[in-house]
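Note sheet for the following structure.
The values are calculated or read from the model by the stated rules, or taken from the named source; none is laboratory data. Since this is a predicted model, take the numbers as computed values, not measurements. Don't worry about glycine lacking a Cβ; one is built from the backbone with ideal geometry, like all the others, and counts go over all protein chains shown. These area figures cover heavy atoms from the full protein model, side chains too; ligands, DNA and RNA do not enter into them. Shrake-Rupley method; radii C 1.70, N 1.55, O 1.52, S 1.80 Å.
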Amino acid sequence: ASFRSKKMPATETKPFLKTGVTCVAFNANKSLIAICPNSSKVFIYETNGSLNSSKWEKEPKYTLEEHTETVVGMDWCPSTNLLVTCAHDRNAYVWKHVSEKKVVKAGNVSYEKEDKWEPDLVILRINRAATQVKWSPSGAKFAVTSGSKVVPICYYVEAHKWWTCNVIKKHKSTVLDVAWCPNSKFVVTGSTDYKCRIISAFKEELDSSDDDGFGAIFPDQHKFGEVLAEFDNAKAWVQSVAWSSSMYRIAFTGHGSTVHLVQLCADGPPAVTTIRASGLPYVSVEFLSNKAVVAAGYDQNPHLYSASDAHGAEPTWKFEGNVDKEVKKTQKKLGAFGGARAMFEAKSSRSEEKSVSNKKNTTHQNLICGIVPLENGQMITYGLDGILAHWNIEKQGFDSKNLLADS
Amino acid sequence: ACKQSMQSGDYAGALRKAIENPISSKDQKVKDLAAKNICEAMAGVSNAAKFIEESDDAECDTLMKYTFKGMDIYRDVNKGKNCSKFLKWHEELVKKCGLGVIMRAMVDKKC
């Protein structure tokens, strides 16, 4: 047992799980949250309507056990309420919530109440681990990235009642992350071959053939698997990618502590702004609005980047600040005996000479694995320390009115 | 041109010119020669902090790459006593650019 101050810091900094949290997904109305604690199981908890993890139920409502290896990607479709998970066991499952079961007894058909999640195996045809999975905004398809250098785009075939896929190749190495364009036709992928690519995932039966203004930028936009644009600015693994809701801005991060912001232009090649960060690399990046991008990773502190305008063709991006202001936590004053005890504890458990610990003042005490963007400049970050922290950029001192504005 | 500047004692000027256009050749010999020149210039510059102040982010990345290369080249010379100059470069670069510059130096293969 460690010597702990009786006055706990803000409730949000208390870890929700004892293990790290590697994947998180909310359902449509945020009443349930699916969490993977870096294992092969997925747990769904009730949030009781709150975004503050201390108000959530401690025991999971559902446990989803089907994967045999660590689950690495999870996404919950708000329109169909289907949850898709992918894992290192080279499989992906689409989970459907079953609320009633048909019972046939002696010729009589009745319905029994049920409340569980049933998995449906997806034929991925990959021979390496999966790394990430994302539903398209339309909910009709999902993309799975894998170590097999391919990205299967999966869809449901009603006739056979199974999920099958068309595979995007074109990558020279493991694909780490994927994000969909809001029109559900394109994906942007980040790979360990140092490149970020925009690839068409157009499927004739599932997508509209409208131009959306991309006809001028990408002449091959309706050719499945065609690489529409390629960016090699990262010069390192591209660990995370994101697509803004405005359709014309993309963000990707490189393992060299860089973040790259792409503006797709109607009358020329895409323009990339490269920002060199002064800290450790980011593993997750998300758009909070067209003008605000938040990136988080090994620095344990989400960083906010902002653009000069929301829809312009030549935005200037800059580092806006740390979201976590690293407020120094109050330390209880120790008397002589308490001081000696703390010093002995520090020496025996951490082999430190001083009794004051070098614990960082950030809310997160370990790698931030991901960011869940919410509306109005809010977001939830989760990490290997088991903490799910809720942030509001307005409360953290940023000019949210400007950053979230549509101009 | 760099050699001339160095011989005249203007290590800072030589270095500035050298890192302006970082070498992107695949030929190992060319890279080795470039590295030797740059590291010589870096070892000669007296005030690393001032030089770094005047460098932009891209140049800092290049400098960090050659700091590591320099530590490698001068490892056996004079029992590694010259390495202290490169440690100073390292310290000053991190002071200005943070840990990110080390990441970029490790990750970019083209040195």
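Considering only strands (runs of 3 or more DSSP E) fully contained in the stretch A:302-407, which possess at least 2 residues that are at pLDDT below 90 and open to solvent by 20 Å² or more (accessible area, probe 1.4 Å)?
In the stretch A:302-407, there are no strands (runs of 3 or more DSSP E) which contain 2 or more residues that are at pLDDT below 90 and open to solvent by 20 Å² or more (accessible area, probe 1.4 Å).
Among the residues of the stretch A:257-288, what is the count of those that are of a type in the set (Ser, Thr, Tyr), open to solvent by less than 20 Å² (accessible area, probe 1.4 Å) and more than 12 Å from A:Ala234 (Cβ to Cβ)?
1
Given the criteria at positive phi and modelled with pLDDT under 95, does A:Ser257 qualify?
When the stated conditions are applied, A:Ser257 passes them.
Listed here are the residues, each with its yes/no results for (1) among the acidic types (Asp, Glu); (2) over 26 Å from the mean Cα position of the chain (by Cα); (3) within 24 Å of A:Pro152 (Cα to Cα).
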| residue | (1), (2), (3) |
| --- | --- |
| A:Leu83 | no, no, yes |
| A:Ala87 | no, no, yes |
| A:Lys96 | no, no, yes |
| A:Ser110 | no, yes, no |
| A:Asp115 | yes, yes, no |
| A:Leu121 | no, no, yes |
| A:Leu124 | no, no, yes |
| A:Asn127 | no, no, yes |
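Among the residues of the stretch A:200-209, is there at least one that is touching a residue at least 12 places away in the same chain (Cβ under 8 Å), in a strand (DSSP E or B) and surrounded by 20 or more Cβ atoms within 10 Å (Cβ to Cβ)?
Yes.
Go through the stretch A:219-281 and tell me which strands (runs of 3 or more DSSP E), entirely inside it, have 2 or more residues that are within 24 Å of the chain's Cα centre (by Cα) and within 14 Å of chain B (Cβ to nearest Cβ).
Passing ranges, in order: A:238-243, A:249-254, A:258-263, A:271-276.
Run A:Ala216 past the list (1) small (Gly, Ala, Ser); (2) open to solvent by 70 Å² or more (accessible area, probe 1.4 Å); (3) within 19 Å of A:Cys154 (Cα to Cα) and report the number of the one that doesn't hold.
(3)
Given the condition closer than 25 Å to A:Thr274 by Cβ, open to solvent by 40 Å² or more (accessible area, probe 1.4 Å), part of a loop (DSSP other than H, G, I, E, B) and within 11 Å of chain A (Cβ to nearest Cβ), answer yes or no: does some residue in the stretch B:45-55 qualify?
Within the stretch B:45-55, not a single residue is closer than 25 Å to A:Thr274 by Cβ, open to solvent by 40 Å² or more (accessible area, probe 1.4 Å), part of a loop (DSSP other than H, G, I, E, B) and within 11 Å of chain A (Cβ to nearest Cβ).
Report yes if B:Leu93 is in contact with a Ser or Thr (Cβ under 9 Å, 6 or more places away or on another chain), within 12 Å of chain A (Cβ to nearest Cβ) and closer than 26 Å to A:Gln239 by Cα, otherwise no.
When the stated conditions are applied, B:Leu93 passes them.
Which pairs turn up if I take residues in the stretch A:118-145 that are under 18 Å from A:Leu64 (Cβ atoms) and assigned to a strand (DSSP E or B) and look for partners that are open to solvent by 50 Å² or more (accessible area, probe 1.4 Å) and acidic (Asp, Glu) with beta carbon separation below 8 Å, at least 6 apart in sequence or on another chain?
A:Pro119/A:Glu66
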